[in-house]
Amino acid sequence: AMQQWPPFAPAHLNLGRQPLLLRGSQDSLFRRHSRGSWQRDSDVLRTVLRASAVAAGLRLIIAEKPKVAKQIASAVGVEKVGNHFEGKNMIITSACGHLLEFKDLPWNLSLPVFPQFELQVSKGKEKMVKEIKQLASRADILVNACDAGREGELIFRRIQNWLQLKKMPVERLWLQSLTEDAIRSAVQNARPGCDYDNLADAADCRARWDWLIGINGTASLKKGKWLDKGCSVGRVMSPTLLLVVDREEEIENFQPKPYQDVRATFCSKDGKSYEGKYSTLKQKEQHDWHQIAKEWKPGLEAEVLEDSLVEVTEKPKPLMNLADLQRQCSRLFRMTPSQTLASAQKLYEAEKITYPRTDSRSLPTDYKDEVREMLHAQAGRPNSLIGKEFLLCASERVSEVGKKIFDDKNVTDHFAIVPTRKGLQQASARTQDDKVLGLIIRHCVAAFLPDAKFKKLQRKTLVNGYTFTTNEKILVDAGFLALEKGSGVAVCEVQRLRKGTKVSFEEMQVDDKETSPPSRYTQASLLTAMETCGKDVSEAKLQSVMGAGIGTSATRASIIDKLLTQEWVASTGASVLRPCVKARNLKQRLLTLGLMDNFSIELTGEWELQLRQIEEGKIKKDKGDHEMRVVVESIVTKATGSQMTLPKAPAWKTPSKTPRPSEPEPVRVVPKAKTTKSTKATMTTKTTKTIKTKEKPKEKPKATIKKAIGTKKSSWLKVGTKMEEAKKTPRKMLQGQLKAACAYESGKS
């Protein structure tokens, strides 16, 4: 068959570094036509070319960080050559994060701006781009080993576009763990790069949408004088800021409602006491319980109306994603989200935990054997952070937990944060990173332990027409709580009373209380609000809220840091966040312009959902681009269509004074009529003569100044307070106070 081929058909193809002989029948690769010419069968030939390239081509593996490139090289046994690793028909290098960014544009462009989004090399990254270009010229196949997610895909695709390497075959190395076994498995099971085109589209849309909202929104608001100097708005940052402002306004407008909590102690005939509670918060008729407490005497007869005992179970919390880890570290170790992310990143690069920037709380189903072997092996080692009995119990229950932990449908770009074999050997908690690792280990092992079992006692006791409620939760089997709370968990006995049993009243305690406003956001609770779009979701239901948040686990901490850096919010003790004055001003201006819907958290959540749908291939990116264009045009039109009239402080006028008749009025010639603190222009002639008086203005008494400023500090540290009174007071007497007031409000005296 090979001998019958026409002269132009090669007997072998020199692809990569090894020749591949084409074997098969004549008609399988070429077809003879009526004119005697030969036509290549493109489909079969393309398959042969791809197979030969994969088998013999020189691969260029591009990781996102030098540390990851080093670990890949170590796992596959490739040695270092210069600044990269080479051997076994592969070259391994790293991108060191984002090497390329959108090209800078002049600020004087007409709004709205919809550029072509050309790229430019980031400052200081020129040498790295040049090295990758030189290595790519030698390679036959590009392998994307950047982080498994939007940002990692975006980093690689930008390099590919900038170096014009779209025609080269591309493979994707999907690394969800940096253990040697995981790396070798990913190398052997590399997938075609085209399988991740939807992910690349979502990453590109996210970057372009953020740019369009940030640049057009900031430029148009500044053009209309609606935005303070040095500030900016953003697609995710502004809705997050409005969450903090709304919470502060809710606290200020909150009206407390008084109520009383009553606790009464009852005693059964066998001498055992229990407590019942009564609250007036939801009662229509209010009574003076202090007076009732005086009237009720010990020994007053009461009756048990209801006594039920229900068995309940408390399941272990699911495995953690990054937001869960940040909340727990904030609660236990007072760490900020950025500090937690930094510690988790160090642990990941040290091969002690899996990839931390994840939204998932599940593991893939093929990870069962790895987890079982890891837990069982650790149980045989001494000096373990977790007791041997807990590790053995957890390893035996790996196959019993089912989809509660192992569920492919709930695994997103990455699976939940769990320790690796190396991380599970942690035996101390000396540094901050060690504490974070210990938290991850305990949480992971506890997720595989049995449920905690309780008996819930519900009892109602009637006395003098009032029903007191008793709710007790009695621990029967500690389960996973034995690991979480240690020796502090004790099993209690249950005291039962039949319906109709007579008991006696002993004493009562009445507490006067008021309803409290919602708590201010902390950095940890703001992460939860971003994850749930501000909805009040309990911790138990949090795992069911997917795809409704704004931002991602990888970006939410940086958004909060940006709010603090630009001084939109201030962080007080325990990382409590309070909005600054300019944050409130921004909300009022957005309301005035009718732009609240464009920066609402609901709309931003819808955009995040669209990005996820683009990843899944449910919608095309053109649809999202069109909707974003409409929003940008609306922002620019409303922001530049009207000018803001800022409230201005009234002009200061020195009270007019009449010169004393006994003193002459000196005359002097000046280039311009000018008024100073000790002079006053009363008349200007053609010779530019100015009449000047030597008389000093009368000073008002201190009582008048106190009246103008206010006796309390809070009464004058607000814009416009006592302004009418202040105008009547000489400037000299108010200068210091007014400087302080203006500095407090605007930062300038």
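The values are calculated or read from the model by the stated rules, or taken from the named source; none is laboratory data. This one's a predicted model, so the numbers in the text were calculated from it and none came from an experiment. A quick note on method: Cβ atoms are made from the backbone with ideal geometry, for glycine too, and the neighbour counts reach across all protein chains shown. Please note that ligands, DNA and RNA were not included when accessible areas were found on the heavy atoms of the full protein model with its side chains. Shrake-Rupley method; radii C 1.70, N 1.55, O 1.52, S 1.80 Å.
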Condition (residue is surrounded by fewer than 20 Cβ atoms within 10 Å (Cβ to Cβ), in contact (Cβ under 8 Å) with a residue 24 or more places away in the chain and closer than 30 Å to residue 268 by Cβ) applied to region 443-453: is it met by at least one residue?
yes
Strands (runs of 3 or more DSSP E) wholly inside region 108-217 that include at least 3 residues being open to solvent by less than 60 Å² (accessible area, probe 1.4 Å) and in contact with a Phe, Trp or Tyr (Cβ under 9 Å, 6 or more places away or on another chain):
119-121, 141-145
Take the residues in region 98-107 that are touching a residue at least 24 places away in the same chain (Cβ under 8 Å) and assigned to a strand (DSSP E or B); name whichever of them is surrounded by the fewest Cβ atoms within 10 Å (Cβ to Cβ).
102
Positions within region 218-227 being in a helix (DSSP H, G or I) and open to solvent by less than 20 Å² (accessible area, probe 1.4 Å), in sequence order:
218, 219, 220, 221
Among the candidates 430, 442, 397, 381, which residue alone is touching an Asp or Glu at 6+ places or on another chain (Cβ under 8 Å) and of a type in the set (D, E, K, R)?
442
May I ask you to verify whether residue 527 is modelled with pLDDT of 80 or more, surrounded by 18 or more Cβ atoms within 10 Å (Cβ to Cβ), touching a Lys or Arg at 6+ places or on another chain (Cβ under 9 Å) and not in a helix (DSSP H, G or I)?
no
Among the residues of region 429-461, write down those that are over 22 Å from residue 395 (Cα atoms) and among the hydrophobic types (A, V, I, L, M, F, W, C).
429, 436, 454, 457
Residues satisfying the stated conditions in region 415-425, i.e. surrounded by 21 or more Cβ atoms within 10 Å (Cβ to Cβ) and either of a type outside the set (Phe, Trp, Tyr) or at positive phi (or both)
416, 417, 418, 419, 420, 423, 424
Can you name every residue in region 571-629 that is basic (Lys, Arg) and either under 22 Å from residue 241 (Cβ atoms) or not in a helix (DSSP H, G or I) (or both)?
578, 582, 584, 587, 589, 618, 620
Is it fair to say residue 540 is more than 26 Å from residue 280 (Cβ to Cβ), at pLDDT below 85, assigned to a loop (DSSP other than H, G, I, E, B) and not charged (D, E, K, R)?
no
I'd like to verify a number: residues in region 396-427 that are in contact (Cβ under 8 Å) with a residue 40 or more places away in the chain and of a type in the set (Ser, Thr, Tyr), how many?
2
Restricting attention to region 291-331, the residues that are under 30 Å from residue 358 (Cβ atoms), open to solvent by less than 70 Å² (accessible area, probe 1.4 Å) and in a loop (DSSP other than H, G, I, E, B) number exactly 4
What's the total number of residues in region 243-263 that are open to solvent by less than 10 Å² (accessible area, probe 1.4 Å) and of a type in the set (A, V, I, L, M, F, W, C)?
3
Cβ contacts < 6 Å: first residue closer than 14 Å to residue 158 by Cα and free of Cβ contacts under 8 Å to residues at least 40 places away in the same chain, restricted to region 115-128; second residue basic (Lys, Arg) and assigned to a loop (DSSP other than H, G, I, E, B), any location; separation 6+ or different chain. Result?
118/103; 120/103
What pairs can you find where one residue is in region 465-483 and on the phi > 0 side of the Ramachandran plot and open to solvent by 10 Å² or more (accessible area, probe 1.4 Å), the other is of a type in the set (Asp, Glu) and in a strand (DSSP E or B), and their Cβ atoms are less than 8 Å apart, with a gap of 6+ or different chains?
479/314
Can you work out which of the residues in region 332-369 that are touching a strand residue (DSSP E or B) at 6+ places or on another chain (Cβ under 9 Å), open to solvent by 30 Å² or more (accessible area, probe 1.4 Å) and assigned to a helix (DSSP H, G or I) is modelled with the highest pLDDT?
368
So which residues in region 59-97 are farther than 19 Å from residue 185 by Cα, under 28 Å from the mean Cα position of the chain (by Cα) and open to solvent by less than 50 Å² (accessible area, probe 1.4 Å)?
65, 94, 95, 96, 97
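Here's the yes/no breakdown for (1) at pLDDT below 90; (2) over 33 Å from the mean Cα position of the chain (by Cα):
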| residue | (1), (2) |
| --- | --- |
| 412 | yes, no |
| 425 | yes, no |
| 454 | no, yes |
| 462 | no, yes |
| 496 | yes, yes |
| 506 | no, yes |
Across region 375-385, which residue is farthest from residue 615 (Cα to Cα) among those that are open to solvent by less than 50 Å² (accessible area, probe 1.4 Å) and of a type in the set (S, T, N, Q)?
384
Which residues, counting only those in region 266-290, are within 13 Å of residue 512 (Cα to Cα) and either among the charged types (D, E, K, R) or loosely packed, with under 14 Cβ neighbours inside 10 Å (or both)?
281, 286, 287, 288, 290
Counting only residues that are polar (S, T, N, Q), under 30 Å from residue 318 (Cβ atoms) and at pLDDT 80 or above, region 543-574 contains a total of 3
Selection status of residue 384, more than 20 Å from the chain's Cα centre (by Cα), not in a helix (DSSP H, G or I) and not β-branched (Val, Ile, Thr):
yes
Report yes if some residue within region 319-338 is of a type in the set (Ser, Thr, Tyr) and over 30 Å from residue 576 (Cβ atoms); otherwise report no.
no
Give the residues of region 386-407 that are of a type in the set (A, V, I, L, M, F, W, C) and open to solvent by 20 Å² or more (accessible area, probe 1.4 Å), sorted by residue number.
390, 392, 393
